[in-house]
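Nothing in this text is a laboratory measurement; each read-out follows from the coordinates by a stated rule. It should be emphasised that the depicted structure is a prediction, and the values quoted were computed from it without experimental measurement. Positions of Cβ are generated from backbone atoms using ideal geometry, with glycine treated the same way; all protein chains shown enter the neighbour counts.
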Amino acid sequence: MAAISRDEVAHLARLARIEMSSEELDHLASELDQILHAVDRVQEAAKDDVPPTSHPLPLKNVTRPDVVIPSLSPEDALSGAPASDEQRFKVPQILGDAE
Amino acid sequence: MALTYDDVIAKYEPTLGLEVHVELNTNTKMFCGCSTEFGGEPNTQTCPVCLGLPGSLPVVNEVAIESAIKIGLALNCSIAPFSRFARKNYFYPDMPKDFQISQYDEPICVNGFLDVEIDTDEGVKTFRVEIERVHMEEDTGKSLHVGGSTGRIHGAEYSLLDYNRAGIPLMEIVTKMIPGTEKYAPQVARAYVTELRDILRSLGVSDVKMEQGSLRCDANVSLSPRGSGTLGTRSETKNVNSLRSVERAIHGEMIRQGNRLENGERIIQETRHFLEESGETRPGRSKETAEDYRYFQEPDLVPVAPDASWIEEIRATLPERPSVRRKRLQTEWAVPEKEMTAMINAELLDTVEATVKLGADPTKARTWWLGEISRVANEKEVEAISLMTPAQVAEIILLVASGELTDKLARQVVEGVIAGEGTPREVIEKRGLKVVSDDSALMAAIEAAIASQPDTAQRVRDGNIPAAGALIGAVMKATGGQADAARVRELLLKHLGQ
Amino acid sequence: MTFIYNTAAEMSIALAAKEVSAVDLANEHFDRIADVDGDVHAFLYLDKEGALAQAKDVDAKRAAGEKLSPLAGVPLALKDVMAQRGIPTTCGSKILEGWRPPYDATVVTRLKEAGVVILGKTNMDEFAMGSSTENSAYGPTHNPWDLSRIPGGSGGGSSASLAAFEAPLAIGTDTGGSIRQPAAVTGTVGVKPTYGAVSRYGLVAFSSSLDQAGPCARTVLDTAMLHEVIAGHDAKDSSSINAPVPAVVAAAKKLDVKGMKIGVIKELGGEGFQKGVSERFNEALEELVKAGAEIVEVSCPNFEYALAAYYLIAPSEASSNLARFDSMRYGLRVGDDGSRGAEEVMSLTRQAGFGKEVKRRIILGTYALSSGYYDAYYGSAQRVRTLIMRDYEAAFAKADVLVSPTAPTTAFKIGEKADDPVAMYLNDIATIPVNMAGIGGMSLPCGLAAEDNLPVGFQIMSPAMKDDLMYQVGGTLEAALNSKWGSTLMSQAPKLGAK
Ligand SMILES: [Mg+2]
Ligand SMILES: [Zn+2]
């Protein structure tokens, strides 16, 4: 049985904001299926009594003093912008609500 | 026939949930050294980190952590000995990295409460609002929608983004579900946000200005049929940006939900927006798929693990809780409830207290600040505290108490100080506002008054003491208000054999 | 007389003795690049102007008698994943084509401060995802030992530039082996320092908890010299180690392993490893024994899950790290014709701007993090990570350093594995555990495989924050092999170019 369906891949592509053609979806679904079969084994190794590690170093409490550092000039800040206007980044109309 | 609020309450029990986002007033952003100053030119307070440029990395602001702990302690929370940041993944143009650094299952503060008092039909009642968590996160940039009806997201042709606010430290304070508020739900919500705002202000961690967005409230409401024991579907109302709106939004949303249920319609779990004008809510744009934020631990940051001694150090610096202080001052100053409320609503409690601390009489201090000074402040649309200092007001009150000024003269001194004529002393000098305390000058005026009102003078001689008021008035008028009324009375009565 | 075949250490001495100027040295390398890079394609961008200005500055300071860093005036090739102010930084991706960062990565700042001359940016697999540099949007890089073969990846441009004598030093980044595997297949040396030893600030993130920048060169000593320039605490990187950098140059010069215990990891060898790879690896072990080291066998039973865990953790973090490439603030924008909303423009841009492998990993990572699958995939992978760290801990209790072949095979043909992602992923089987545990790893050449006459890499792993140990063992082994061969391995590399 396939671990992942074409519809699931389409949903993931939407979540990841990547437009995909129907051929791309088909192709990726079969590739992901192979990959998932290969990585599935992590579940047999990982028992609940083993704590997860998210970071290789046991560091904690790394902070920065609350002191202002000069910002970029607005020219530098906007230097990479595909479009700008009124010293702001110009972007296509925003349709959905924010969080 | 639509249900009224009372009808809704008769049939349904409300459950509340409140999420407050508060911007901290740190000097710098949550994860970079850019200034947080309000109102800068667009994109002048940005850097690789808060613009989310490839390769940039966040570093936590230590004062933001301290503020979070202060808030947690003030809200009776436990401070987690180990907490972590997480990424909340979703795409949105105002969010430079397309994920928000927030906290998820390991927030810094958990399990607190805040008690609020409400005037009920049975007298003042305390409601306990339980706090689920306080966590740290970052704010987003601001978008300006251009075209169509400018400023509105719908119908805009394009949007312009300013990332000066992106990365400002935000604290999210989330309550547990609040049952049992009954018909007082809107008031409980308002009282909670008010008390929270006062606490945050007393801690000095935020500007708490709802109109500038430094304090924002999302209100969740659900209704369940009385006695059903079930929990209704909730809606979440955003965009509630004043204390009054908190109350109105919940009131309005309860009526809307009650009427839907009455018509056999379902409540949809959704985000709604509060409309200032009508007091109603409208639905947000529904998403085609439920969001899946794919939270995971922020790999670019390390855990926050405050040690117990630091937490205790912070606890020792916490100021008196605003509600306790309010009660204490109300007793000490013998202020009626209504006036106390007025002082708090006008945000003048600190100012009055500072004036009293300089020796002024509490009633006088309150009267000056809430009266004349506030009146002028309203006219000029400025803050009262920008017009005069507590020291100046205290000085004037003390001059009246020592008889050097009359109330009437004091009013002119205040006017002069506000007009920028100098310190109270300078205004007194320049305007020549000294009380006339030379007895011989006063005697001349008294004799003139008696001569012009012989009948009144006779009534006083005959023992009608209150009749002296007319003569005193005449003397005050003749001296341009600069006489000490008490001295005038004393001399007059003595002169008329009383 | 040319200096391009010299080591960085030799160049440093010649510069100090004023036998050559930094400007001449830079020009010699630019000439070499002009001569051979048409075939090799190691570079994506050359910054002649900036490099010569830096070289001139170093020469002027030297003439004025200023005290300079040992590597002042020595040229370097920078992997295109590092932000350099004003210089195009593409990460091998179309989505960043033309982007010039307004800031320097900390590594770049340190190189500039040391007077290192940055020649340009080198090719790589798009966003460092790959083991062959075939995933670059700007075309593959060719292995100087055999132009029909891959130079390893993702840092194939950096390793190839060294093997083609286009630069004596290079910067690489290593998330699952991207410094060490390219070093192995090009006969060069590459070091992944302990996680946190070199600042990640300005390194465009692939997988934040695994990424680490490191030095690449043709000798162990050269990598050690570069290591000391770029390593050290950086307040801009929360995961940066706040402790002194181990004395790796001194360690590289020690040439002594007497009494050291060298642990051979049982699971990283044998089946699946090319015959010639195993032969050269075993011969190198003998050299270490001759030098006085003791060989012990260690077992790391959980390494068999490392690859699977890596291919969940890295794509998961990448799916989040690469979200920012949304066309709003920088980089490519596609489909903005006034009729489409921001969300649609984002999706069209990401469709056009990302290559196949990047999309594959973003989708895989999105899946592994999504609700309902998190525990089974991302969560389990994190537990495997703990098991791998425990395996290392036990192994390091028995040995000072651990060793294995760097890669299971020598360089394969361009195109050979392009359509089989799972086969491609197997290249990293011996390098990935090092990243999972955050420890140090080095690859140095140990000869040519008999069957194909291509370089074989020898991997040395040292415990976290003890990077000096791998330099000590690597330096000793390199000297022993050179004296056995009577020359360096690189001197056997085919001569490229017209000159
Ligand atoms: Mg939030
Ligand atoms: Zn910033």
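Inter-part distance, the range B:254-314 to the range B:94-171, computed on C-alpha centroids, equals 9 Å.
Tally the DSSP beta bridges in chain C and give the antiparallel ones as a percent, rounded to 5. Intermediate values should be presented prior to the final figure.
Values: 28 of 44 bridges.
Among the beta bridges of chain C, antiparallel pairing accounts for roughly 65 percent.
Here the spin labels are modelled as points 7 Å beyond Cα on the Cα-Cβ line, and at B:Glu130 and B:Lys357 they lie 3.8 nm apart. Ignoring aspartates and glutamates fewer than eight residues from C:Lys79 along the same chain, the ones with Cα atoms less than 14 angstrom from its Cα are C:Asp47, C:Asp104, C:Asp125, C:Glu126, C:Glu166, C:Asp174, C:Asp211. The string of couplings for the range B:303-314 from the Karplus curve (6.51, -1.76, 1.60, θ = phi - 60°) is x, 9, 10, x, 7, 4, 5, 5, 4, 5, 4, 5 Hz, one whole number per residue in order, with x for Gly and Pro. Peptides B:394-402, B:304-312, ordered by how many other C-beta atoms sit within 10 Å of their residues on average, highest first, read B:394-402, B:304-312.
Mind running the shape call on chain A? Use the C-alpha gyration tensor, a ≥ b ≥ c as the square roots of the eigenvalues: rounded below 1.5 for a/c, prolate if a/b tops b/c, oblate otherwise. Since a/c reaches 1.5 but b/c is at least a/b, the shape of chain A is classed as oblate.
Sorting the segments C:73-85, C:282-294 by their residues' average number of neighbouring beta-carbon atoms within 10 angstrom, most packed first, yields C:73-85, C:282-294.
If each DSSP helix of 4+ residues adds -39,500 (n - 2.57) and the sum is divided by the residues in chain B, what number results at 222 nm, nearest 500 deg cm²/dmol?
-11500 deg cm²/dmol
If you put +1 on each Lys and Arg Cβ and -1 on each Asp and Glu Cβ, how big is the dipole of chain B around its Cα centre, in Debye rounded to 20?
700
The 3J(HN,Hα) values that the Karplus relation (6.51, -1.76, 1.60; θ = phi - 60°) gives for the range C:86-94 are, in residue order, x, 10, x, 10, 10, 6, x, 10, 5 Hz. Gly and Pro appear as x. Three principal axis extents describe the C-alpha atoms of chain B; from largest down they are 94, 58, 55 Å. Classify the range B:320-431 as rounded, prolate or oblate from the Cα gyration tensor: take a ≥ b ≥ c as the square roots of its eigenvalues, call it rounded if a/c is under 1.5, otherwise prolate when a/b beats b/c and oblate if not. Prolate shape, in that a/c is at least 1.5 and a/b is the bigger ratio. Contact order, relative form, for chain C: 18 percent (alpha carbon pairs under 8 Å, 6 or more residues apart, mean separation divided by residue count). Modelled spin labels at C:Arg100 and A:Asp33, positioned 7 Å past Cα toward Cβ, are 4.9 nm from each other. In terms of the mean number of neighbouring beta-carbon atoms within 10 Å, the peptides B:205-217, C:311-323 order highest first as C:311-323, B:205-217. Pairs exceeding 21 Å between alpha-carbon atoms, taken from C:Lys192/C:Lys253; B:Lys97/B:Lys176; B:Lys125/B:Lys209; C:Lys18/C:Lys61: B:Lys97/B:Lys176; B:Lys125/B:Lys209.
Calculated FRET efficiency, B:Met443 to B:Leu318, Cβ-Cβ distance, R0 = 45 Å: about 0.15 to the nearest 0.05. Which of B:His145, B:Ile9, C:Val249 sits closest to the plus end of the dipole of the protein assembly as shown, meaning its Cα is farthest towards the positive end, when Lys and Arg get +1 and Asp and Glu get -1 on the C-beta? Highest projection toward the positive end goes to C:Val249.
Charge dipole of the protein assembly as shown (Cα centre as origin; +1 on each Lys and Arg Cβ, -1 on each Asp and Glu Cβ, all else neutral): 1240 debye, rounded to the nearest 20.
Just check the range C:368-471 against the gyration tensor rule for me: Cα atoms, a ≥ b ≥ c as the square roots of the eigenvalues, rounded for a/c under 1.5, and otherwise prolate or oblate depending on whether a/b exceeds b/c. Oblate, since a/c reaches 1.5 and b/c is not below a/b.
Computing FRET efficiency as 1/(1 + (r/R0)^6) for B:Asp455 and B:Arg325, where r is the C-beta to C-beta distance and R0 is 56 Å, gives about 0.50. Farthest toward the positive end of the dipole of chain B, out of B:Gly284, B:Leu170, B:Ala360, is the Cα of B:Ala360, where the dipole comes from beta carbon charges about the Cα centre. Peptide B:300-310 is shielded by partner chain Cβ atoms: per residue, an average of 4 of them sit within 10 Å of its Cβ.
Taking a quarter of the surface of the Cα convex hull of the range B:60-117 gives a mean projected area of 5.5 nm². Peptide C:206-218 shows a mean partner chain C-beta count of 2 within 10 Å per residue C-beta. With viscosity 1.567 mPa s and temperature 4 °C, the Kirkwood radius over alpha carbon pairs of the range B:439-495 converts through Stokes-Einstein to a diffusion coefficient of 119 µm²/s. All C-alpha pair distances within the range A:6-45, sorted into 10 Å bins from zero, spread as 29, 44, 22, 4 percent across the bins. The GluC sites (Glu not before Pro) found in the range C:42-99 that occupy coil by DSSP, while having at most 15 further C-beta atoms within 10 Å, are C:Glu66, C:Glu97.
The relative contact order of chain B comes to 14 percent, based on Cα pairs under 8 Å that sit 6 or more residues apart.
Residues whose amide H lies under 5 Å from that of B:Tyr12, counting only those 5 or more places away or on a different chain, are B:Arg226; hydrogens are built 1.01 Å from N in the peptide plane.
On average, how many beta carbons from a partner chain sit within 10 Å of the beta carbon of a residue in C:449-456?
That works out to 0 on average.
Dividing the mean sequence gap of close Cα pairs (under 8 Å, 6+ apart) by how many residues the range B:439-495 holds gives a relative contact order of 36 percent. For C:Lys258, the lysines whose Cα comes closer than 22 Å to its Cα, not counting residues fewer than 8 places off in the same chain, are C:Lys290, C:Lys398, C:Lys466, C:Lys484. Under 5 Å from the amide H of B:Ser56 lie the amide H atoms of C:Gly202, each residue being 5 or more positions distant or on a separate chain, with H modelled from the backbone and absent for Pro and chain starts.
Taking amide H as placed 1.01 Å from N in the peptide plane, A:Thr53 has its amide H under 5 Å from the amide H of C:Arg383, C:Arg385, C:Thr386, each at least 5 places away in sequence or on another chain. Across all directions, the average projected area of the convex hull around the alpha carbons of chain C is 22.6 nm². Only bridges with both residues in the protein assembly as shown count here: give the DSSP antiparallel percent, nearest 5. So the antiparallel bridges in the protein assembly as shown amount to around 80 percent. For the protein assembly as shown, the ratio of Cα radius of gyration to the globular rule of thumb 2.2 N^0.38 Å stands at 1.19. Normalising by residue count, the range C:215-333 has a Cα convex hull of 216 Å³ per residue. The phi torsions of the range B:204-218, fed into the Karplus equation with coefficients 6.51, -1.76 and 1.60 and a -60° offset, translate into couplings of x, 9, 8, 6, 6, 9, 4, 5, 8, x, 7, 9, 10, 10, 10 Hz, rounded to whole numbers, with Gly and Pro shown as x. Note on the range B:342-498: lysine pairs with Cα distance below 19 Å, sequence gap of 8 or more or different chains, count 5.
Report D for the range C:61-182 in µm² per second (integer): Stokes-Einstein, Kirkwood Rh on Cα pairs, 37 °C, 0.692 mPa s.
224
In this structure, C:Glu416 and C:Ser491 have a Cβ-Cβ separation that, at R0 = 41 Å, corresponds to a calculated FRET efficiency of about 0.90. In the range C:1-125, the alpha-carbon atoms span a convex hull of 105 Å³ per residue.
Between the listed residues C:Gly190, C:Gly130, C:Pro151, the Cα displaced farthest toward the positive end of the dipole of the range C:106-198, a dipole computed from Cβ unit charges relative to the Cα centre, is found at C:Gly190.
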